[in-house]
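These notes concern the structure reproduced below.
The values are calculated or read from the model by the stated rules, or taken from the named source; none is laboratory data. In this text, all values refer to a predicted model and were calculated from it rather than measured experimentally. Here the Cβ positions follow ideal geometry from the backbone for every residue, glycine too, while neighbour counts run over all protein chains shown.
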Amino acid sequence: MADSEVLRAPHVLEYPYVRSVGPVIGAFLTGLRDGRILGAQSRDAQGKATVIVPPTEYDPVTSADVGALVEVGQSGVVTTWSWAPEPKKDQPLDRPFAWVLVRLDGATTAMLHVVDAGSLDAMSSGMRVTARWRPAAERVGRVQDIECFVPEAANP
Amino acid sequence: MSDPGTITDSGSSGEAPVTMLATPIRLDYQYTAGLSQSRFLQGIAQGKFIGQRCPACHKVYVPPRGSCPTDGVATTDPVELSNSGTVTTYCVVNVPFQGQSIEIPYICAQILLDGANIAFMGLIQELPATDVRMGMRVEAVWLPKDQWGLTMASVKYFRPNGEPDADYETFKEYL
Amino acid sequence: MSAAAGRATVRPVAVVSAAQTKSVRREDHRNEVEMLMPVVTDVFANIGVTKADMGFVCSGSTDYLVGAPFSFVMALDAVGVWPPMRESHVEMDGAWALYEAWTLLQEGEIDTALVYSFGRSSPSQLDRILALQLDPYYMAPMWPDPVALAALQAQALIDTGKATEKDFAAVAARSRRDALRNPNAQVAKDQSPDDLLRDDYVVAPLRRHALPPITDGVVAVVLAAEDRARDLCERPAWITGIDHRIEAHALGARDLAQSPSTRLAAQGAGVFDASGDAPGAVHVDVAELHAPFAPQELILREALGLADSVAVNPSGGALAANALMVAGLLRIVEAASRIMDGSARSAIAHATSGPCLQQNLVCALAAEPSGPARKGA
Amino acid sequence: MAERCAVIGVGQTKHASKREDVSIAGLVREAAGRALEDAGLDWADIDAVVIGKAPDMFEGVMMPELYLASALGAVGKPMLRVHTAGSVGGSTAIVAAHLVASGRHERVLTVAFEKQSDSDAMWALSVPQPFSAPLLAGAGGFFAPIIRAYMRRSGAPDHIGILVAVKDRLQALKNPYAHLHIEDISFDMVKDSIMLWDPIRYLETCPSSDGAAAMVLASERVAESSTSSRPPAWIHGMAMRSEPTMFAGRDQVNPQAGLDCAADVYHQAGITEPRRQIDVAEVYVPFSWFEPMWLENLGFAEKGDGWKLTESGATALDGGDIPWNCSGGVLSSNPIGASGMLRFLEAAMQVRGQAGEHQVENVRTALGHAYGGGSQFFAMWVLSTDKP
């Protein structure tokens, strides 16, 4: 049989998953909807106090239950970044943007999000960025309620 | 920025706390049927059931899936099978489910085509659901020729072919 | 924590046969079973055995590449497990299937095992299915692609001052050049690092050459223990140690410029027993490292303490062929093959899984079951 | 050659059709935390984690063990993910036990779960592929013809399936973790429930559940010094067997892989008369008729006689000599990926005397059984109060 006779067809795997989130993630998402960013108090392997943002239900390293939730800053430091010149389907922005790990003021860990910086040249590790929120009416309790981060100087 | 502090109220806006998250997922694939399935469906498009014989155990598989599942070798030798076969076992479907296109109740049967060594699932029509029997002889009813295509849907269903029932001993090893 | 082995003695087990497809960008005229069958046939024929000689069968694959649940079930038809066999499957790279089989062989009840994995990356949207490996609440909903995440890791490495984009290009240039001598490689070219640095960024700081190709492929190996290995193979590739470790999933809770789980796995595999764990202290003839992105090779070299003299990825590595779920087991196969063909006496193979090297397996191989000579022991 | 291995801790979730109070991590943590607590251990004590579940499409998370590493205390440790279709919960426990039996580790946490309510199990199990035959019958349509074949072969009367469905639901009332608690379950209620796939009635099928199961497996040294309030359940035999899914002449009613797996596990455990030597069994029965079929496949009854054992009441917790599925079984709780592990775990609970209201008295030896797909994958273990 010639290769051309082998049958091929498109196949779609699609489902509208709806997930229950439990108390910790639920509180974080509720906070986002209300315009606040929450972290979870925890302790690292050496017993030093930490704040996990976004809050996982269990400490990322020690696996202990996390403690109380606390509000952290809406600005922070980029710990590392990458520049996406061609955004892909369903990604947070539809123009070139930076993926970042951003450590918010008051947090110990960094969260994955994006920075709308205009150009690669505007990005550097250690730069300060601040959250740009979607309008309150559009926020539903998901990470994209923060539309993106922007360089702090550009949004004082 | 407000002062960091312990959060005690989970829904300060007065709205209910968020408990669910919608994350729709869509993935697109380009599916390849592979050689054996393609050959089988090309036979269907010509109104024929074409199985494949294992060169090691000589069993005939239909629809063929590329390998003999017991010997792990390619089944390459094509075998044209009869349009008739025997109902080895069956169930009566009486439940609606997603993707179903037939009015319930109806009969789903394992059909062993004459010349094949494995049964496959087929729809039985043209008789009341209560009248189906193990051993019943059936034949394939095809769509009009101009509607044959590269799909098992070219076969509308199976129906009794009027022959006397097969003896249980002749098909019991296929249960 | 006592994650170390509870028992000191390790039963000698070796790779005695290996087979693979030629890695290609798109294999679209055969299904998984049809791809796997000739490879399983070869891996047995190489050493004159049949499936009936196998005490165990274990495979690794993922349903998301196929887009259907239970995809490993039909793949089993390529082996023909009749009469019934002891058989298992991990939803992981085949390197972990090999680990499961090795563990079972340690008990001494069976002497042989077949391990295989299959991965056709071409039919799916890899960028999207790999996003589904991420935390489903915080990360996956933003659909970050694997290149974007590897680029975060690359930038973290650059920020330490230990590497530059030119170093990434040098890894890619060497891998592609070495691949010219690997008939199964998919991407093989002779280009200078300076030529490669003219590539565009896919996601900065990663340019095209720092990315793996999209690959369809399958691989199979036979493991055998002790005398059975010596009977089946002139130069068995003895597994002197194997271990694997996982790190936290939250990227922002990790130091992406390092691979502590690789280091722990290497300790568990006895890599540092012979030479100590000082930087550059580990002398083996060959290291096959599963680094799908060029900067990851640099991170892994450091974690493993490899000496500069070690030939890293002579096969071309994952930059020359990277069938998902296969590429890790393929590293073990390539490392073992250098020992089986007599060109190496000692080797390290590594496999990774998850975003930014989250989970890592290290397998130490040698021409003698006792491993390489111990310095000062 | 192999090292001794024992279960020293068990934990499971409350199973329900939708566990909307927890995330995926929260679900597995609930079971794993209880297993650790039962074993008297902390996360840091665990050497390795082995997790299993059925297809990733149920939750839409590819290789979820990556995301679950922190929830399960696996960071810095080895973590394996097993997937062997419906038998996976059993296979996962066996893979974990081999990590101890091989001398590799001393304390292994094994976990299995399914959070089906994130999607829809029926969807995930039947994603149509191009060129495949149209979906004719739905999930039960695969099993109903096999049951009909069993009835024809054995001459079993129509009501046997109803007896099993009632018995397992009555037993579930004594298990606080069970998903289905049908207080007024009766023969007539099952008999009058809708015939879905003749001969399978609605109440003769398993539910679809969210749930998780976990166990701590330990070496002899650790088991003997365990601070758990319960004794260890020692593994006397464990086995897995697979056969092809479809082949010419395949016996799906009494599959060879099941016969071989049972023969292997009995040989290891020194069992020659299962009905006499095994005190209690937890067996994977997703449709009621699989009880008589597996009674024969597992050697508790002669071929063709399994239904007679069921009919006699021998398999009931109340008065039977060989109680099956005292927990209510898969017919009462079915978090698919965890269902097999629940069978293994419930066997351990019986041996350790911690099954509460559904405890059988004086259990010395118990069988745990899981199977998957179209009856082609099998996993079994035999546990005992006595050290082997």
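Overview of values
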{"quantity": "Test: residue in the stretch D:311-322 that is part of a helix (DSSP H, G or I), free of Cβ contacts under 8 Å to residues at least 24 places away in the same chain and more than 27 Å from D:ASP120 (Cα to Cα)", "calculated": "yes"}
{"quantity": "Residue among D:ALA248, D:ALA257 that alone is part of a loop (DSSP other than H, G, I, E, B), within 14 Å of chain B (Cβ to nearest Cβ) and closer than 17 Å to C:PRO84 by Cβ", "calculated": "D:ALA248"}
{"quantity": "Residue check, C:ARG230 outside any loop (DSSP other than H, G, I, E, B) and more than 14 Å from chain A (Cβ to nearest Cβ)", "calculated": "yes"}
{"quantity": "Residue check, D:ARG230 at pLDDT 95 or above and either within 13 Å of chain B (Cβ to nearest Cβ) or not in a loop (DSSP other than H, G, I, E, B) (or both)", "calculated": "no"}
{"quantity": "Near pairs, Cβ below 9 angstrom, 6+ apart or cross-chain, from the stretch C:182-211 (within 14 Å of another protein chain (Cβ to nearest Cβ)) to any residue that is buried (at least 16 other Cβ atoms within 10 Å of the Cβ) and among the basic types (Lys, Arg)", "calculated": "C:ASP199/C:ARG207; C:ASP200/C:ARG207; C:TYR201/C:ARG207"}
{"quantity": "Matching residues in the stretch D:1-60 - criterion: being within 8 Å of chain C (Cβ to nearest Cβ) and of a type in the set (Ser, Thr, Tyr)", "calculated": "D:SER23"}
{"quantity": "Residues (within 22 Å of D:ARG221 (Cα to Cα) and among the β-branched types (Val, Ile, Thr)) located in the stretch D:343-388", "calculated": "D:VAL351, D:THR365, D:VAL382, D:THR385"}
{"quantity": "From A:GLN74, A:GLN41, residue being at pLDDT 95 or above, more than 9 Å from chain C (Cβ to nearest Cβ) and surrounded by fewer than 19 Cβ atoms within 10 Å (Cβ to Cβ)", "calculated": "A:GLN41"}
{"quantity": "Selection within the stretch C:181-204 - over 27 Å from C:ASP28 (Cα atoms), surrounded by fewer than 24 Cβ atoms within 10 Å (Cβ to Cβ) and touching a helix residue (DSSP H, G or I) at 6+ places or on another chain (Cβ under 9 Å)", "calculated": "C:ASP190, C:GLN191, C:SER192, C:PRO193, C:ASP194, C:ASP195, C:LEU196, C:LEU197, C:ASP199, C:ASP200, C:TYR201, C:ALA204"}
{"quantity": "Every residue from the stretch D:176-228 that is within 21 Å of D:VAL49 (Cβ to Cβ) and within 21 Å of the chain's Cα centre (by Cα)", "calculated": "D:ASP210, D:GLY211, D:ALA212, D:ALA213, D:ALA214, D:MET215, D:VAL216, D:LEU217, D:ALA218"}
{"quantity": "Residue in the stretch C:270-285 that is within 22 Å of C:ASN182 (Cβ to Cβ) and in contact (Cβ under 8 Å) with a residue 24 or more places away in the chain present", "calculated": "yes"}
{"quantity": "Selected residue (criterion: surrounded by the fewest Cβ atoms within 10 Å (Cβ to Cβ)) from residues of the stretch D:11-59 that are closer than 13 Å to D:ALA96 by Cβ and aliphatic (A, V, I, L, M)", "calculated": "D:ALA48"}
{"quantity": "Within the stretch C:1-100, strands (runs of 3 or more DSSP E) holding 1 or more residues that are farther than 21 Å from C:GLU334 by Cβ and at pLDDT below 95", "calculated": "none"}
{"quantity": "Qualifying position, being touching a strand residue (DSSP E or B) at 6+ places or on another chain (Cβ under 7 Å), away from chain B (no Cβ under 14 Å), assigned to a helix (DSSP H, G or I) and surrounded by fewer than 24 Cβ atoms within 10 Å (Cβ to Cβ), among D:ASP264, D:ASP188", "calculated": "D:ASP264"}
{"quantity": "Among residues of the stretch A:103-114, those that are more than 7 Å from every other protein chain (Cβ to nearest Cβ), surrounded by 24 or more Cβ atoms within 10 Å (Cβ to Cβ) and farther than 17 Å from A:ARG142 by Cα, counted", "calculated": "2"}
{"quantity": "Test: residue in the stretch D:125-138 that is of a type outside the set (Asp, Glu), at the interface with another protein chain (Cβ under 7 Å from one of its Cβ atoms) and part of a helix (DSSP H, G or I)", "calculated": "yes"}
{"quantity": "Tabulated pairs, the stretch D:329-355, first at positive phi and crowded, with 24+ Cβ neighbours inside 10 Å, second among the acidic types (Asp, Glu) and part of a helix (DSSP H, G or I), C-beta under 8 angstrom, 6+ apart or interchain", "calculated": "D:GLY329/D:ASP168"}
{"quantity": "Some residue of the stretch D:101-108 being touching a residue at least 24 places away in the same chain (Cβ under 8 Å) and within 16 Å of the chain's Cα centre (by Cα)", "calculated": "no"}
{"quantity": "Residue tally, condition within 12 Å of the chain's Cα centre (by Cα), part of a loop (DSSP other than H, G, I, E, B) and more than 20 Å from D:ILE51 (Cα to Cα), over the stretch D:329-374", "calculated": "3"}
{"quantity": "Members of the stretch C:237-260 found to be polar (S, T, N, Q) and at the interface with another protein chain (Cβ under 7 Å from one of its Cβ atoms), listed by number", "calculated": "none"}
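Every residue, every condition in (1) in a loop (DSSP other than H, G, I, E, B); (2) more than 8 Å from every other protein chain (Cβ to nearest Cβ), yes or no:
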| site | (1), (2) |
| --- | --- |
| A:ARG19 | no, no |
| A:THR30 | no, no |
| A:GLN46 | yes, yes |
| A:THR56 | yes, no |
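One line per residue, one yes/no per condition, for (1) away from chain D (no Cβ under 12 Å); (2) surrounded by 16 or more Cβ atoms within 10 Å (Cβ to Cβ); (3) free of Cβ contacts under 8 Å to residues at least 24 places away in the same chain:
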{"position": "B:VAL95", "(1), (2), (3)": "no, yes, yes"}
{"position": "B:LEU113", "(1), (2), (3)": "yes, yes, no"}
{"position": "B:GLU126", "(1), (2), (3)": "yes, no, no"}
{"position": "B:GLY149", "(1), (2), (3)": "no, no, no"}
{"position": "B:PHE158", "(1), (2), (3)": "no, yes, no"}
{"position": "B:ASN161", "(1), (2), (3)": "yes, no, no"}
{"position": "B:THR170", "(1), (2), (3)": "yes, no, no"}
